[in-house]
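Every read-out reported here was derived from the displayed coordinates using simple, explicitly stated rules and does not represent laboratory data. Here the structure is a predicted model, which is why all the values come from computation and not from measurement. Every residue, glycine as well, gets a Cβ built from its backbone with ideal geometry; the counts of neighbours run over all protein chains shown.
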Amino acid sequence: MKNLLFLIAFAPAVLFAKQGNPSLETIAAALNTGDVETLSKYFADNVEISIQDKEQVYRKGEATEVMRGFFNTNKPKGFSQVHKGTSRENSDQYCIGNLSASSGNYRVYLYLKVNGANMLIQEIRLDKE
């Protein structure tokens, strides 16, 4: 009976851990194709966007337009995650990856605030390599 209770209690956690983070996978897929609509669903109310040397905090709607403009000018060819992890201080997540675009390659840094089951993008950094 104890084994059954253990299995019922911990099986969902193990299955979820093996699947990875669906939000981060969806965000990576959106970056891969330049899908701003999907990407913007994960924006926090205020998002810090840094493209090259231009860094600014935007409201969600403005951030959507900034990213739309970036992807219109720099058509994505592909995105690959290089590293992802969890912040030491809290459960916030980060992802580092490479974006191949029509104008060249970019190193992408994402910082995501975790609030319960929700994950929101707080910062996007795009540095041309």
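For D92, the amide hydrogen comes within under 5 Å of the amide hydrogens of S87, V114, counting only partners 5 or more places away or on other chains and with H modelled in the peptide plane. When the Debye formula is applied to the Cα atoms of the range 21-128, each taken as the same point scatterer, what base-10 log of I(q)/I(0) results at q = 0.12, 0.14, 0.24 Å⁻¹? Values returned for q = 0.12, 0.14, 0.24 Å⁻¹ are -0.35, -0.48, -1.55. Per-residue packing, averaged as other Cβ atoms within 10 Å, sorts the ranges 35-48, 70-83 into the order 35-48, 70-83, beginning with the highest. Remark: the Q56-K113 segment gains 18.7 nm on full extension, using 0.36 nm per residue and subtracting the alpha carbon distance. Taking amide hydrogens as placed 1.01 Å from N in the peptide plane, the amide H of E48 sits under 5 Å from those of Y58, E123, I124, each at least 5 positions away in sequence or on another chain. Around the Cα centre of the range 21-128, unit charges on the Cβ atoms of Lys, Arg, Asp and Glu (plus for the first two, minus for the last two) sum to a dipole of about 260 debye.
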